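What follows is a set of notes on a single structure, which appears directly below.
The values are calculated or read from the model by the stated rules, or taken from the named source; none is laboratory data. For clarity, every value in this text was computed on a predicted model and none was experimentally measured. FYI the Cβ positions are ideal-geometry reconstructions off the backbone, even for glycines, and counts take in every protein chain you see. These area figures cover heavy atoms from the full protein model, side chains too; ligands, DNA and RNA do not enter into them. Shrake-Rupley method; radii C 1.70, N 1.55, O 1.52, S 1.80 Å.
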Amino acid sequence: AKKHGKDKFEMFEPGMRVAFQATIDMESDLRRAVVRHEFELRYQPIVRLNSGEITGVEALIRWMHPERGVVPPVEFIPLAEETGLIVPIGEWVLREATQQVAAWNTRRSGRPLTVSVNISAVQLEHSVLPEIVQSALDASGLRADRLTLELTESLLVDHRPETLQRLHDIKALGVRLAIDDFGTGYSSLAYLRQFPVDIIKIDKSFVDDVVDEPTAAALTHGIIQLGRALSLSTIAEGIEHAGQLTSLAGGNCELGQGYYFAEPLTRSDFDDLLFPIDVP
Ligand code: C2E
Ligand code: CA
Ligand code: CA
Ligand code: CA
């Protein structure tokens with residue numbers, strides 16, 4: 001039953017109170033999750049479009065909540081950023097992803113895989129990020145140029161001199177930097193001049209319409225050519241159909257990922273994909 005009058009939350013509407021309480025519950029849940037290691041990574045293959053070869057993986061976090069089951073990142077990354085919990089969570093992601101991919105590379109006979117890790121603006125604000133990245137590389141034995149850090153354009157909006165310097169410090173470790181969701185922000189082109197970027201990830205919203213919409217197709221192919229002119233790799237996100245693959249590969253987009261190839265896979269499913277004859 002609802003309480004009225006002297007209720008200490010009386011300045012809130014009942015719906016707001018529920019939302020407020022839910023945020024507090026979720027924050028303590030998330031703190032517990034960090035302590036109890038309730039996170040797992042999924043690995044989505046990144047594929048060379050003209051050959052189908054898997055060249056790398058993007059690591060994507062999931063929260064294995066004891067009651068709610070698998071919680072996707074959109075439902076907890078914003079809170080993790082507000083509370084600063086993204087710093088320990090992000091460090092765990094870096095360590096886990098580099099460790100796992102280094103282990104796969106040791107077992108594999110083919111060309112070594114690269115691994116892409118999403119980095120939040122809040123992590124970049126911390127001066128220790130270059131040390132954390134170096135430490136993850138040292139602990140895993142992964143070669144620096146096989147690690148890509150994915151930064152969103154919104155992250156790059158804040159270009160305080162320290163942020164730019166930190167990106168250069170990270171770049172100096174030998175890792176690659178990618179602009180994620182390219183084309184969705186307001187000054188994508190300016191970022192290409194200011195930041196030491198190696199890879200452009202073409203946002204899914206362009207890929208979605210690349211077959212049916214001439215404007216989306218022209219923009220997508222324009223971004224690919226821009227990448228070539230600047231000697232950057234281009235990765236198309238969210239490829240779901242053969243028609244999109246044909247259009248992108250025809251336009252010389254180098255790499256891609258999406259459900260057409262594979263969803264983000266558990267470690268064990270990715271293992272089966274890499275080592276199909278390895279029956280236990
Ligand atoms: P993102 O970096 O743009 O990742 C791509 C998202 O698209 C992933 O969602 C992936 O599962 C999904 N996706 C891939 N292929 C397809 C497709 O063909 N169709 C559709 N509809 N979706 C596809 P996910 O895993 O839910 O991640 C959402 C966002 O959460 C990511 O977007 C990224 O911004 C953030 N995120 C994920 N993991 C981390 C992490 O470890 N740290 C941080 N800071 N952010 C993360
Ligand atoms: Ca990403
Ligand atoms: Ca993206
Ligand atoms: Ca996205």
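Annotations for the structure displayed:
- Some residue of the stretch 134-154 being farther than 30 Å from residue 24 by Cβ, at pLDDT below 95 and out of contact with any His (no Cβ under 8 Å at 6 or more places or on another chain): yes
- Those residues of the stretch 168-223 which are closer than 14 Å to residue 253 by Cα, open to solvent by 50 Å² or more (accessible area, probe 1.4 Å) and among the small types (Gly, Ala, Ser), in sequence order: 218
- Inside the stretch 233-280, residues that are in a loop (DSSP other than H, G, I, E, B), within 16 Å of ligand 2 (Cβ to nearest atom) and farther than 15 Å from residue 53 by Cα make up a count of 6.
- Qualifying residue in the stretch 138-148 (condition: away from ligand 1 (no atom under 14 Å from the Cβ), more than 16 Å from residue 232 (Cβ to Cβ) and without any contact (Cβ under 8 Å) to a residue 24 or more places away in the chain): yes
- Members of the stretch 260-280 found to be more than 22 Å from residue 221 (Cβ to Cβ) and open to solvent by 40 Å² or more (accessible area, probe 1.4 Å), listed by number: 263, 266, 267, 268, 269, 272, 273, 276, 277, 278, 279, 280
- Subset of the stretch 61-96 (residues that are touching a residue at least 40 places away in the same chain (Cβ under 8 Å), part of a helix (DSSP H, G or I) and touching an Asp or Glu at 6+ places or on another chain (Cβ under 9 Å)): 79, 83, 96
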